[in-house]
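Only one structure is covered here, and it is reproduced in the block below.
Taken together, the values in this text are just the output of simple stated rules run on the coordinates, not laboratory data. Fair warning: this is a prediction, and the values are worked out from it, not measured in the lab. All Cβ positions, even for glycine, are placed from backbone atoms using ideal geometry, and neighbour counts span all protein chains on display.
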Amino acid sequence: MANWSDPRTGAATFAPTAARAGAYDEGLRSYMLSVYNRMASGVLLTGIVALLFAYSGAAATVMTTPLAWVIMLAPLGFVFALSFGANRMTTATMSLLFWAFAVVMGLSLSTVFLAYTNTSIAGAFFATAAAFAGLSLYGYTTKRDLAPFGTFLIMGVVGLIVASLVNLFLQSGPMGMVISAIGVLLFAGLTAYDTQKIKSLYFEVAGTDMAGKTAILGALNLYLDFINMFLFILRLFGSSRN
């Protein structure tokens with residue numbers, strides 16, 4: 001019969017479990033910190049490149065030429081390459097592509113500094129940062145499973161892209177405002193959803209070669225959530241230079 005009153009029994013049973021739990025928590029914190037650090041560094045790099053490209057005068061010249069289409073579409077190529085080529089790439093290659101993506105995004109977003117006032121850009125950025133922090137914290141700590149919302153949010157983004165393309169031809173101001181408002185809500189939801197998904201993936205990749213790759217992809221997802229939410233907030237509340 002088991003000796004339930006023997007403290008050595010309890011020590012033998014629970015100490016390894018507690019140690020494993022502690023190691024897991026430490027590993028998860030390190031993993032999530034690497035995701036957030038990469039994502040924040042990518043946003044910072046994009047902002048610096050956009051600012052320098054805009055205020056050097058190069059953006060005003062280049063973005064009125066056919067080269068502008070290359071600059072605007074190039075980030076999409078990087079996203080596809082990172083998303084669908086992860087299994088064939090090394091972690092170092094993916095990291096290099098992520099930083100190259102952040103630079104190209106900076107070139108693409110340089111027009112923001114030409115179209116909006118600095119005060120509007122700063123206001124939209126800090127509002128986005130505050131919202132992102134709160135939503136990501138919710139996604140990280142909530143016990144509620146956000147997976148059922150994922151399909152709805154992704155379908156919403158697809159609809160948003162279609163509506164935005166239609167409005168390129170209609171040039172409707174009210175429709176543009178509605179699209180921006182919906183965009184803020186969708187990417188707010190995706191921020192919480194992606195954070196929980198990144199956290200959940202750690203269970204599957206901890207201790208494997210995929211951990212570094214999934215951390216990069218997680219940073220990419222959160223980067224896109226942040227940038228898109230920032231742009232939609234700027235379109236809603238930003239003041240034009242003209």
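With 10 Å bins from zero, work out the P(r) of region 15-237 over every alpha carbon pair and list the percent per bin.
8, 29, 37, 19, 6, 1, 0
For the chain, what's the relative contact order in percent, using C-alpha pairs closer than 8 Å and at least 6 residues apart?
30 percent
Please give the length that would be gained between Arg29 and Leu52 if that part of the chain were fully extended, namely 0.36 nm times their separation in residues minus their C-alpha to C-alpha distance (nm, one decimal).
Going from the current span to full extension adds 4.9 nm.
Can you give the angle from 0 to 90° between the axis of helix 173-205 and the longest principal axis of the chain, with both taken from C-alpha atoms, to the nearest 10?
30 degrees
Need one word for region 23-80: rounded, prolate or oblate. Basis is the Cα gyration tensor (sqrt eigenvalues a ≥ b ≥ c); a/c below 1.5 gives rounded, then a/b vs b/c decides.
It comes out oblate by the Cα gyration axes.
In degrees, nearest 10, range 0 to 90: what is the angle between the Cα axis of helix 210-237 and the longest Cα principal axis of the chain?
Approximately 40 degrees, to the nearest 10.
Among Tyr36, Tyr223, Tyr116, determine the one that fluctuates most according to a GNM of the chain built with springs between C-alpha atoms less than 10 Å apart.
Comparing Tyr36, Tyr223, Tyr116 in the GNM, the peak value goes to Tyr116.
Loop only by DSSP, 14 or fewer other Cβ within 10 Å of the Cβ. Give me the trypsin sites (Lys or Arg not before Pro) in region 140-242 that pass, ordered by residue number.
Values: sites: Lys143, Arg144, Lys197, Lys199, Lys213, Arg235, Arg241; in loops: Lys143, Arg144, Arg241.
Qualifying residues, ordered by number: Lys143, Arg144, Arg241.
Helix 91-108 sits at what angle to the longest principal axis of the chain, using alpha carbons and giving 0 to 90 degrees rounded to 10?
It is inclined by approximately 30 degrees.
Report, by chain and number, residues whose modeled amide H sits under 5 Å from the one on Tyr116, excluding near sequence neighbours (fewer than 5 apart, same chain).
Arg241
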